[in-house]
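What follows is a single structure, written as structure tokens, with notes after it.
Rule-based calculations on the coordinates, nothing more; no lab input. Bear in mind the structure is a predicted one, so any value in this text is a computation, not a measurement. For neighbour counting, all protein chains shown are included, and Cβ atoms are generated from backbone atoms with ideal geometry for every residue, glycine included.
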Amino acid sequence: MTLIKSISGIRGTIGGAPEENLTPLDAVRFAAAYGTWLRQLHSNKPISVVLGRDARLSGAMIQGLVQNTLLAQGINVLDAGLSTTPTVEMAVVFEQAQGGIILTASHNPKQWNALKLLNDKGEFVSANDGATILELVSKNAFEFVGVDDLGTLSIKSNYIQEHIAAILALPLVNQEAIQASSLSVVVDAVNSTGGLAIPPLLKALGVRMHPLYCEPTGIFPHNPEPLKEHLGDLCETVVREKADFGLVVDPDVDRLAFVDEKGQMFGEEYTLVACADYVLSKTPGNTASNLSSTRALKSITQKYGGTYTAAAVGEVNVVRAMKKTHAVIGGEGNGGIIYPELHYGRDALIGIALFLSLLAEKKQSVSSLKATYPEFFMSKKKLQLKSGMNVDVLLDKVSHRFAEHQPLTIDGVKIEFDESWVHLRKSNTEPIIRIYTEAPSQAEANTLAEKFIGILTDFI
């Protein structure tokens, strides 16, 4: 079992011993450190924090611990209950709150949960702020208030509706064209909070929906990471229902992947490519994504005269690059769309609205749309880490072995070849090394990944 502390939050498996798993003590200590950091940052001012969670089974338990810890620090809690990560991010701005916490382990299986921390802009805390919070945890440097100064609790049930309203108000969301297209979509919400947010969005856009796993029970019907090998039911349902396409989100609704009308994967990497194609066609400009994302985004960006920037993996890094380059759209190749006109956060709901607008205006099938984009194939592998393994030393050996290719080392090691690339990095969310490759064919991508798994294994 596992507990991972990082600058972006704390993530681990439920049960077991403190400091080794995500136990009640760990949840309280981390929430207390975050609350203490907020009190130091906003001294002598009232502090409000928006708190929301996905539907996973441990969510209510962790929410109670975090909520009451913040109240004990004199912090007012705005309880969004079951919600999505992008909705909580936007709610921080709606409420002019000083921070926010989303209780979600994103794509991780049911035994995991996490605390994701936001600043007063509704964005993930910076590396420096995250380091400060981790230091407070390590020192047990927490502050609590007396009984007369306890925080207040407010139940908020309208944030998802406000989030949807903000999306519908965007000029690039072509509601009229979408409604005229009479599209039908199969939705796999993995029995989490996408089942609360996606149906009302599609209804408002006039899209007919076939729900699949849309009850927010927290009992995931398959591995919740939206990858091809987990989506057999979605692919079969799209064909059976003769739907125009299918979509799937992860438990906290910040990742989005599509299936075409033939039941074939559109590819989570191409979620961002398609949405960028639409946005750039209306508002030409720059883009950014992380190092593990497809080259196709760079090709699309250059087609419209813009500049593409690669950032280290992690939403906060991509957002920083987007702000620096004034990017009009960006995100991560795992299906995360960041559209600054709405907010600086990965958001599957805006991704759905932009993709529907693109389809409605082009009046073509999803499979034919995919055929218009540069074709690359990716392989995403994992190598389990052994206890005590020094990953930095391991990756440094790989970098030296391929020094003639001038590897990028801002986040692990990325090696560019003429028609392919490989990116090796330690995961921020699991005890693994991620091996991402891209090549002109799936066979070549898979072969390249296996080659580097062998190289890593030889160095261990």
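Under the √(5λ) rule applied to the eigenvalues of the Cα gyration tensor, what semi-axes describe the equivalent ellipsoid of region 37-129? Give them in Å, descending.
Three semi-axes, in Å: 21, 14, 12.
Calculate, axis by axis, the spread of Cα positions in region 3-157 along the three principal axes, and write the results as whole Å, longest axis first.
39, 35, 30
Collect residues whose amide H, placed 1.01 Å from N in the peptide plane, falls under 5 Å from the amide H of Val186; neighbours closer than 5 in sequence don't count.
His210, Phe245, Gly246, Leu247
Using alpha carbon centroids, what distance separates region 324-386 and region 99-160, in Å?
When both Cα centres are located, 28 Å separates them.
Could you work out how far the C-alpha centroid of region 1-71 sits from that of region 391-434, in angstrom?
Spelled out, the Cα-based centre of one part sits 32 Å from the other.
Using 0.36 nm times the number of residues separating His326 and Ser441, minus their current alpha carbon distance, what extension gain do you get?
Answer, rounded to one decimal: 38.1 nm.
Taking 0.36 nm per residue of separation and subtracting the Cα-Cα distance, what length does fully extending Asp392 through Ser368 add?
4.3 nm
Which one of Leu183, Thr193, Tyr213 is farthest out on the positive end of the charge dipole of region 163-370, using unit charges on Cβ (Lys, Arg +1; Asp, Glu -1) and the Cα centre as origin?
About the Cα centre, the residue reaching furthest to the positive side is Leu183.
Taking the alpha carbon gyration tensor of region 163-370, what are the square roots of 5 times its eigenvalues, largest first, to the nearest whole Å?
25, 19, 16
Compare the Cα positions of Pro226, Gly267, Ala310 along the charge dipole of region 220-317 (+1 at Cβ of Lys, Arg; -1 at Cβ of Asp, Glu; about the Cα centre) and return the one farthest towards the positive end.
Ala310
Can you find, among Tyr159, Leu247, Phe355, the residue farthest towards the positive end of the dipole of the chain? Put +1 on the C-beta of Lys and Arg, -1 on that of Asp and Glu.
In the chain, that residue is Phe355.
Using the Karplus curve 6.51 cos²θ - 1.76 cosθ + 1.60 with θ = phi - 60°, work out ³J(HN,Hα) for each residue of region 191-197 in order, rounded to whole Hz, and write x for Gly and Pro.
Going residue by residue, I get 6, 10, 6, x, x, 9, 9 Hz, with x marking Gly and Pro.
Using only the Cα atoms, what convex hull volume per residue in Å³ does region 140-230 have?
Cα convex hull per residue, to the nearest whole number: 210 Å³.
How big is the Rg/Rh ratio for the chain, C-alpha atoms only, Rh by Kirkwood, two decimals?
0.96
What percent of all Cα-Cα pairs in region 281-384 falls into each 5 Å bin, going from 0 up to the bin containing the maximum distance?
All Cα pairs, binned at 5 Å, distribute as 2, 12, 20, 25, 23, 11, 5, 1, 0 percent.
Translational D (Stokes-Einstein, µm²/s) of region 403-446 at 10 °C and 1.306 mPa s when Rh comes from the Kirkwood sum over C-alpha pairs?
Answer from the Stokes-Einstein relation: 141 µm²/s.
Run through all the Cα pairs of region 377-459 and give the fraction in each 10 Å bin from 0, expressed as whole percent.
All Cα pairs, binned at 10 Å, distribute as 19, 55, 25, 2 percent.
For a quick size check, give me the Cα extents of region 311-434 along its three principal axes, largest first, whole Å.
For region 311-434, the Cα extents along the three principal axes come out at 51, 30, 28 Å.
Before rounding to the nearest 500, sum -39500 (n - 2.57) across all DSSP H runs of length at least 4 in the chain and divide by the residue total; then give [θ] at 222 nm in deg cm²/dmol.
After summing the helix terms and dividing by residue count, I get -12000 deg cm²/dmol.
Based on the mean of other beta carbon atoms within 10 Å per residue, what is the order of 174-182, 103-111, most packed first?
Highest mean packing first, the order is 103-111, 174-182.
To the nearest 20 debye, what is the magnitude of the charge dipole of region 163-370 about its Cα centre, counting +1 on the Cβ of each Lys and Arg and -1 on the Cβ of each Asp and Glu?
I would put it at about 720 debye.
May I ask you to derive the FRET efficiency for Thr152 and His42 from their Cβ-Cβ distance with R0 = 22 Å, giving the value to the nearest 0.05?
E between Thr152 and His42, to the nearest 0.05, is 0.85.
What list of ³J(HN,Hα) couplings, whole Hz, do you get for region 52-65 from phi and the Karplus terms 6.51, -1.76, 1.60, once you set θ to phi - 60° and write x for glycine and proline?
Once rounded to whole Hz, the list reads x, 8, 7, 8, 4, 4, 8, x, 5, 5, 5, 4, x, 5.
Give me a comma-separated list of calculated 3J(HN,Hα) values for region 395-409, in order, Karplus coefficients 6.51, -1.76, 1.60 applied at θ = phi - 60°, integers in Hz, x for any Gly or Pro.
Those phi angles translate into 5, 5, 5, 5, 4, 5, 5, 10, 4, 5, 8, 6, x, 7, 10 Hz.
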